[in-house]
Amino acid sequence: MSNTLGKNFRLTSAGESHGPAYVGILDGCPANLALSEADIQPFLDARKPGADKTTSQRREQDKVEILSGVFEGKTTGAPIAFIIRNQDARSGDYEAYKDVYRPGHADYTYQIKYGIRDHRGGGRASARETCLRVVAGAIAEKYLQQKNIYFEAYLTQIGEHIIQKDDQQQIEKIIQEVRKDKNSLGAKVKVRAINVPAGVGEPIFNKLDAVIAHTMMGIPAVKAVEIGSGVASAQQYGSEHRDAITPTGFASNNAGGILGGISTGQAIEITVTFKPTSSIPQPIETINHENLATTVEVLGRHDPCVGIRGVPVVRAALAMLIMDQLAISCI
Ligand SMILES: Cc1cc2nc3c(=O)[nH]c(=O)nc-3n(C[C@H](O)[C@H](O)[C@H](O)COP(=O)(O)O)c2cc1C
């Protein structure tokens with residue numbers, strides 16, 4: 001199992017959805033960064049379930065506690081260990097799925113690969129694990145702010161609806177309707193890293209584009225990653241796509257801020273596609289552990305559109321990666 005992400009700024013993750021807690025160890029944070037739990041909590045609050053009508057109603061406080069690597073309010077350069085406790089797990093809700101595989105989930109593949117799985121809340125495969133990435137991303141952002149590098153992420157599409165930037169009312173209306181239909185929807189999230197200097201990243205095998213795709217694809221339910229104009233590039237002429245260079249900078253940004261695997265100094269622009277939530281209260285064919293046909297209907301507290309809570313996760317993933325790449329690039 002691969003549970004560590006990054007080389008120089010490196011997060012190791014442990015925990016399950018219905019275990020006592022999630023635990024992270026973050027290596028490679030520079031010393032002397034002013035850091036407290038209060039710097040991190042707003043990022044976790046943006047990801048936590050039950051925050052509004054559009055997400056899962058599981059009520060988790062998602063309070064982070066720093067256990068090491070911070071002394072008198074500053075990082076020491078030592079590993080930062082931290083813990084987020086699970087407080088609202090209702091494992092009984094999952095008894096019905098103990099011996100059946102929920103389609104669209106990792107139940108089947110975990111069982112085949114390991115011969116054992118914690119079925120409660122999806123166990124290790126649960127996207128609750130992304131809370132650890134959000135902590136690491138928040139710490140990365142705190143550091144990168146000093147270099148005037150900042151991040152933004154927002155929904156651009158839910159199902160077939162194009163979302164006006166940060167229009168909460170529009171999002172709520174779509175989610176209300178899809179919930180009523182006992183269904184779910186996929187989504188697209190755009191994430192931008194602004195003021196990343198030119199020269200970050202490497203060519204060939206570890207192109208910045210390649211490591212971004214790797215990091216984003218590691219987020220549960222992500223099915224596609226686009227850099228700059230991405231998939232739409234297929235419909236463009238070369239005369240439209242290539243970005244003219246002027247003495248004052250690039251005239252456009254179809255490249256998404258990366259050429260030859262190296263940052264151009266423009267905003268790094270990524271679009272991530274999330275699949276629709278698999279857990280919906282509609283019956284579907286499946287099999288049980290004895291390979292016998294059955295049906296399953298997934299009840300309980302779920303996100304009708306995982307892309308909504310994916311927004312802070314995608315942002316954290318890019319912040320972690322830029323932090324890691326800056327260290328590698330020595331800029
Ligand atoms: C923030 C977040 C929340 C999620 N919440 C749910 C959920 O409530 N119900 C669900 O079926 N899937 C949810 N997922 C997706 C599953 O975790 C994921 O589809 C599953 O583990 C299988 O992995 P895969 O889709 O990457 O193959 C969520 C994903 C993210 C990023």
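Each reported figure results from applying straightforward, stated rules to the coordinates on display, with no laboratory input. This is a predicted model, so every value here is computed, not measured. Cβ coordinates were reconstructed from backbone atoms using ideal geometry, including for glycine residues, and neighbour counts include every protein chain displayed.
Work out the length of the dipole vector of the range 4-329 about its Cα centre, built from +1 on the beta-carbon of each Lys and Arg and -1 on the beta-carbon of each Asp and Glu, and round it to the nearest 20 debye.
Here the range 4-329 has a charge dipole of around 120 debye.
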Checklist entry - For the chain, what Kirkwood radius comes out of the mean inverse Cα-Cα distance, in Å? => result 21.0
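What FRET efficiency comes out for the pair residue 183/residue 145, r = Cβ-Cβ distance, R0 = 51 Å, nearest 0.05?
On the way: r = 40 Å, r/R0 = 0.78.
Approximately 0.80, to the nearest 0.05.
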Checklist entry - Pairing the Cα long axis of helix 168-180 with the longest principal axis of the chain, what angle in degrees results, from 0 to 90 and rounded to the nearest 10? => result 30
Checklist outcome for this item: Placing one equal point scatterer on each C-alpha of the range 106-262 and summing with Debye, one gets log10 I(q)/I(0) at q = 0.15 Å⁻¹ equal to -1.13
Item to check | DSSP-defined antiparallel bridges as percent of all bridges, the chain, nearest 5 | outcome: 100
Item to check | From phi via Karplus (6.51, -1.76, 1.60), per-residue ³J(HN,Hα) for the range 48-63 in Hz, x at Gly/Pro | outcome: 5, x, x, 6, 8, 6, 8, 10, 4, 8, 4, 9, 10, 6, 6, 7
Checklist entry - Label residue 1 and residue 194 with points 7 Å out from Cα along Cα→Cβ: what is the distance between them in nm? => result 3.9
Next on the checklist: Could you tell me the calculated FRET efficiency between residue 95 and residue 161, based on Cβ-Cβ distance and R0 = 22 angstrom, to the nearest 0.05?
Outcome noted: 0.05
Next on the checklist: Pick from 201, 300, 15 the residue whose mean-square fluctuation is largest in a GNM of the chain, springs joining Cα atoms under 10 Å.
Outcome noted: 300
Item to check | Positive-end extreme of charge dipole, the chain - chosen from 168, 67, 261 (charges on Cβ) | outcome: 67
